[in-house]
Amino acid sequence: MRRLFSASHFKPLTLGLLVAGLAMPAVAKTDFAIVIHGGAGTINKASMTPAQQADYERTLKAAVDAGYVVLEQGGSSLDAITKAVLVLEDSPLFNAGKGAVYTYDGGHELDASIMRGDTLEAGAVAGVTNVKNPVLLARAVMEKSEHVMLAGKGAEQFAKEQQLELVANSYFDTEFRLKALQKALESMKKQPHQASLRLSPNWQPEWNMGTVGAVALDKQGNLAAATSTGGMTAKRYGRIGDAPIIGAGNFADNSSCAVSATGHGEFFIRYRVAADICARVKYGGISAAEAADQVIQQELKKVGGTGGVIVMDKQGNISWPFNTEGMYRAKRSAGQVAEVAIFQEVTKSE
């Protein structure tokens with residue numbers, strides 16, 4: 001019988017050759033680190049109750065800690081980000097896995113990707129409807145197939161062959177997301193053309209975004225990144241965003257940095273956000289933090305692209321710029337306590 005593929009059964013991470021980058025100033029290297037996000041958008045602090053904020057912060061901390069334990073024990077960055085994203089996919093709070101938004105037709109279509117920075121191998125899935133944890137399927141595509149991206153029914157058939165857990169599409173239903181769909185459909189009656197509607201004042205920005213992701217550096221010096229999402233509220237026609245597209249919503253390269261993105265996916269695709277940040281580091285000789293700020297706060301902002309990224313360079317330095325009101329996020333470096341944030345301020349937590 002074929003062995004069940006699960007979060008606890010992964011192939012050992014093999015070391016690949018590092019691609020030589022431009023010389024950078026000497027920077028103190030962190031032994032290992034992990035940073036996660038749970039989506040960006042119009043996160044109104046005034047309308048969020050203390051109990052709701054506590055729920056988000058508790059889950060973000062659980063996710064970052066799950067990945068941190070893997071790294072602390074000498075595990076791979078690939079295993080660490082998988083563990084972290086699984087926590088977020090299994091939570092109804094975030095737009096991925098259990099909490100995925102609804103499509104126009106009232107269903108759920110999920111996307112995910114994963115990439116390792118040593119070999120630049122990657123795996124991605126798009127438009128899956130019955131896979132409980134799309135990040136596991138993306139990883140299976142990378143490790144168990146000859147391809148990089150699988151979509152729709154073919155991806156689901158591959159998931160079945162890999163003995164991943166399958167669920168009814170209704171598993172992803174949540175009351176909160178259903179109400180968002182109803183409000184979005186009401187807005188569409190006034191302006192049915194989606195391209196212009198989604199950029200109009202009548203459309204809530206958070207309906208365009210909401211993704212989870214993780215980036216990590218392990219003790220072996222390898223970076224990895226993963227991104228998972230339910231996509232846009234009321235999306236139609238099999239729409240696919242940036243999350244499963246390598247170079248747009250996700251990228252990892254040991255010679256520069258690793259990135260997971262969240263935001264209005266069409267802009268992140270057009271401006272190849274994740275790969276652009278790493279290219280600016282690799283070829284421009286600037287820091288990952290500066291590169292991320294240039295792309296998110298300048299390039300995207302000037303054209304109306306909203307969202308944010310989590311970024312880690314090869315020394316383990318972390319940045320998380322966003323041009324929205326908030327971004328659910330958490331980070332933890334070797335020997336440090338977890339830092340959790342939703343708005344601008346950061347909370348340290350044992």
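The values are calculated or read from the model by the stated rules, or taken from the named source; none is laboratory data. Since the structure is predicted, the reported quantities are computational estimates derived from the model, not experimental observations. Cβ coordinates were reconstructed from backbone atoms using ideal geometry, including for glycine residues, and neighbour counts include every protein chain displayed. Please note that ligands, DNA and RNA were not included when accessible areas were found on the heavy atoms of the full protein model with its side chains. Shrake-Rupley method; radii C 1.70, N 1.55, O 1.52, S 1.80 Å.
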Pseudo-spin-label distance Glu175 to Lys160, built 7 Å along Cα→Cβ, given in nm, is 3.5 nm
Percentage relative contact order, the range 78-143, counting C-alpha pairs under 8 Å, at least six apart: 26 percent
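Among all lysine pairs in the range 131-193 that are eight or more places apart or on different chains, how many have alpha carbons less than 20 angstrom apart?
Close lysine pairs found across the range 131-193: 7.
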If you count, for each residue, the other Cβ atoms within 10 Å and average over each peptide, how do 115-122, 307-314, 72-79, 339-346 line up from highest to lowest? 307-314, 115-122, 72-79, 339-346
Determine, from the Cβ-Cβ distance of Val303 and Phe343 and an R0 of 30 Å, the FRET efficiency 1/(1 + (r/R0)^6), rounded to the nearest 0.05. 0.75
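When averaged across all projection directions, what area in nm² does the alpha-carbon convex hull of the range 236-327 cover? Working shown, then result.
Numbers: hull surface 23.1 nm².
The number I arrive at for the range 236-327 is 5.8 nm².
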Picking from Lys160, Lys61, Lys235, which is most flexible by a Gaussian network model of the chain using Cα springs under 10 Å? Lys160
How much of Ile240 can a 1.4 Å solvent probe reach, expressed as accessible area in Å² and rounded to 10? 70 Å²
Shape of the range 287-341, Cα gyration tensor, a/c cut at 1.5: oblate
Want the number for Gln182 to Glu146: 0.36 nm per residue separation, take away the alpha-carbon distance, what's left? 8.9 nm
What is the diffusion coefficient of the chain in µm²/s, taking the Kirkwood radius over Cα pairs and the Stokes-Einstein relation at 4 °C with a viscosity of 1.567 mPa s? 66 µm²/s
If you count, for each residue, the other Cβ atoms within 10 Å and average over each peptide, how do 163-174, 91-102 line up from highest to lowest? 91-102, 163-174
Relative contact order of the chain (C-alpha contacts under 8 Å, at least 6 apart) in percent is 24 percent
Mean separation of Cα contacts under 8 Å (at least 6 apart) over the residue count of the range 281-350, i.e. the relative contact order in percent, is 21 percent
Yeah, the range 62-127 with a ≥ b ≥ c from its alpha-carbon gyration tensor (a/c under 1.5 is rounded, else prolate when a/b outruns b/c, oblate otherwise) is oblate
To the nearest 0.05, how large is the calculated FRET efficiency for Arg270 and Ala51 if R₀ is 41 Å and r is the Cβ-Cβ distance? 0.60
